[in-house]
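A short worksheet on the structure shown next.
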Amino acid sequence: MCGENDEISKFVGASWSAQYDRLKAYKQVHGHTNVDPDKDKALYKWANAQRQAAKTMFLNPQHKALLDNLGFDWTKPNSDKQKRSRFSGLMCWSSPQVDDKNSAVMVAKTA
């Protein structure tokens, strides 16, 4: 039984190392560790799994140290796609107008 757990640990360690290397490469290209899900969905999910593991204290301390040394951002960033969507949603609204009769501010949505 112990040998089986050792084999699982080796697999998880090798898999983790491969993903970590991919994250290092991503940082070299993009200058940060906030993986864009549109560019690499699997790496994005892995990075989020590391954030979750750290929150629940299940992240291997050696792995956390490696990620810290890489400058890993432990806060989950909003994707650029989400930011663009929210911004374009704001742009759909026109300037507020004051309704003197009801003393209210009305914001009309434009097409």
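Results, tabulated for the structure shown:
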| quantity | calculated |
| --- | --- |
| Answer residue from the stretch 71-88, given it is of a type in the set (Gly, Ala, Ser) and open to solvent by 30 Å² or more (accessible area, probe 1.4 Å) and is modelled with the lowest pLDDT among those | SER85 |
| Candidate set: the stretch 13-70, residues that are under 13 Å from the mean Cα position of the chain (by Cα), part of a helix (DSSP H, G or I) and basic (Lys, Arg); chosen: the one surrounded by the most Cβ atoms within 10 Å (Cβ to Cβ) | ARG51 |
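The values are calculated or read from the model by the stated rules, or taken from the named source; none is laboratory data. None of these values were measured; they are calculated from a predicted model. All Cβ positions, even for glycine, are placed from backbone atoms using ideal geometry, and neighbour counts span all protein chains on display. What goes into the accessible areas is simple: the full protein's heavy atoms, side chains included, and nothing from ligands, DNA or RNA. Shrake-Rupley method; radii C 1.70, N 1.55, O 1.52, S 1.80 Å.
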